[in-house]
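First up is the structure itself, then whatever we jot down about it.
Quick note: the coordinates plus some simple rules give every number you see, no bench work behind them. All of these numbers come straight from a predicted model, not from anything done at the bench. Heads up, the Cβs are rebuilt from the backbone with ideal geometry, glycines too, and the neighbour counts pull from every protein chain shown.
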Amino acid sequence: MENENNQEMNIFTMTSRLGRAIYGVIKWILSIFGYILRAAYQYKLMFLVFALLAVGYSLYESREDNHTYEGYLHLKLNDGESVLYQALVSDLNEYAKESDVEGLANELDVSQDLAARIVKLDAHRVIDKYHDSIVDYIDYKNNVPLGDTVDFAVPDQLVISARVKGIEEFAKLEEALKKYFSKNDYLVSLNIARIKLQEEKEWMFHNALMNIDSLQKVEYFKSNGGNYLEFSSINEKKASVPFIKAKKQMFYNDMQKLFEITGKIEEDMSANLDVVTVLSDFHPVKAPVNSFPKLLLRNGLIVLALFVIVAMIWRNKKKIRQYLSKGI
C-alpha cells in the first residue's frame, strides 16, 4: 500500500514538474513575442525599413527569369554501384555550388548557358527496407548510414535530384547526365565486360538448347511412342470422372527454363546496352521552389531577427558607448 502511494506521489511530482516546464517555455516565447511587438512599436520607421527590405529582396529573388524548379531522375545502374554514382554527382555539384560555370559545362559537355542555370545536383539512394525487391522509399535527405543493417540501399538504382532555372532545361540535363556517366572510363570498362559476359551466357544456353534438341531425336528412335510423354495432374485411381491424358514433349521443363533464361538475357542486352537506363525521366514540379511566399517567409524571419538585434543595440547605445569608452 505504501509503495502504491509512493508511486502515485512520484507520478504527481513528475506531472507537476512537466507542467511547470511547459508553462515556462510558453511564457518565454510570449515574452519574446511581446518584446518584438514593443520594439516594432517604438521603432516604427526602422521596422518599416527592414520590412521593405524583406519584401524587396523576396521580389527580386522570385523574379520570373530566376524561377528555380526541382526534378527527380530515376536511374537503373547497369554497371557499378550507387555509391560510385553518388560520388560522381557530388563532384558535379561542387562546380554548381562554387558557381564554376565553365568547369560544370566542360564536365557535362553542355553550353555555359545551361551550366549557369544548374543550381544544385544531388543523388539519393533507393531503399529496400524489407529485402523483398520492392522499393520502400527514397533517401532524399541522405541520412541513412551506409553500414545500416536495417535499411538496405539497392545497389543498382539511384535517384538524382536537380534544381534548375527553367523547366525546359531538364530534358537537356538528363541527356547530359547519361553521357557524363557513359564516358567514364571505369564504367565503360565494366559495361564492356558485362556485355561480353552476357553474350557468352547467351551462346552457352543456345548450345544447351541444341543439345536438348539432339537428345530428343535420339529418344524418338529409342521410344515406341515417339518423343512425347503422357502426363496428368490428376491421380487416375482417385478420379471420379473420366479425363483425357495429355502429351508433353520430352525435356519440356528444361527447354522452358532455358527459354526463360535466354529471353531475360536478350531483354537485358537490348534494353541495357548503355551504362545507365532511365526508369523515370525528370518530371519537375511546376511550382518554383523560390516562389514569392516561400522567400518572403524565409527572408522575413531573417530580417526580423536582424531588426531585434539592431533595436537592442540602438536601445542600449549609451551603455555600449560608455563601455567602449572605458579604459583598459
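Of the trypsin sites (Lys or Arg not before Pro) in the range 292-328, which ones lie in a loop per DSSP and count no more than 15 other C-beta atoms within 10 Å?
K326
When the Karplus curve 6.51 cos²θ - 1.76 cosθ + 1.60 is applied with θ = phi - 60°, which whole-Hz ³J(HN,Hα) does each residue of the range 180-188 get, with x for Gly and Pro?
Coupling constants for the range 180-188: 4, 6, 6, 9, 6, 4, 5, 5, 5 Hz.
If each of F152 and K326 carries a label point 7 Å out from its Cα toward its Cβ, how far apart are those two points in nm?
About 6.7 nm, to one decimal.
Starting from the range 34-92, pick out the trypsin sites (Lys or Arg not before Pro) whose DSSP state is loop and whose Cβ has at most 11 other Cβ atoms within 10 Å. Let's see the in-between values first.
Numbers: sites: R38, K44, R63, K76; in loops: R63.
For trypsin sites (Lys or Arg not before Pro) across the range 34-92 that sit outside H, G, I, E and B with at most 11 neighbouring Cβ atoms in 10 Å, the list reads R63.
To the nearest 0.05, what FRET efficiency results for F292 and Y41 with a Förster distance of 45 Å applied to their C-beta separation?
0.95
So for S133, S161, S31, fewest C-beta neighbours within 10 Å to most, what's the order?
Numbers: S133 7, S161 17, S31 10.
In order of increasing Cβ crowding within 10 Å: S133, S31, S161.
Pulled fully out, how much extra length does the chain show between D185 and L197, if you take 0.36 nm times their separation in residues and subtract their Cα-Cα distance? Write out the running numbers ahead of the final one.
Values: separation 12, 0.36 × 12 = 4.32 nm, distance 1.85 nm.
Result: 2.5 nm gained on full extension.
Roughly how many nanometres apart are two label points built 7 Å out from the Cα toward the Cβ at T13 and S111?
So the label points at T13 and S111 sit 7.5 nm apart.
Can you compute 3J(HN,Hα) from phi for each residue in the range 21-29, using the Karplus curve 6.51 cos²θ - 1.76 cosθ + 1.60 with θ = phi - 60°, rounded to whole Hz and x for Gly and Pro?
5, 5, 4, x, 5, 4, 5, 5, 5
Taking a label point 7 Å from the Cα of E81 along the Cα→Cβ vector, which residues of the range 128-146 have an amide N closer than 12 Å to it?
Flagged as within label range: 146.
Run through every distinct alpha carbon pair of the range 67-184 and return the Kirkwood hydrodynamic radius in angstroms, one decimal place.
Working: mean 1/r = 0.0675 Å⁻¹.
After inverting the pairwise mean of 1/r, the radius is 14.8 Å.
For a footprinting-style exposure proxy, rank L45, L77 by other Cβ within 10 Å, fewest first.
Ordered from fewest to most neighbouring Cβ atoms within 10 Å, L45, L77 come out as L45, L77.
Full-extension gain between V308 and A171, please, as 0.36 nm times their residue separation minus the C-alpha to C-alpha distance.
44.8 nm
At q = 0.19 Å⁻¹, work out log10 I(q)/I(0) for the range 65-114 with the Debye formula, treating every Cα as an identical point scatterer and leaving solvent out; two decimals please.
With no solvent term, the Cα-only Debye profile gives -0.82.
Which far-off residues, 5 or more places away or on another chain, put their amide H under 5 Å from the one on T68, with H placed in the peptide plane?
The answer is V289, N290.
Taking other Cβ within 10 Å of each residue's Cβ, how do H131, H283, H124 sort, fewest first?
H131, H283, H124
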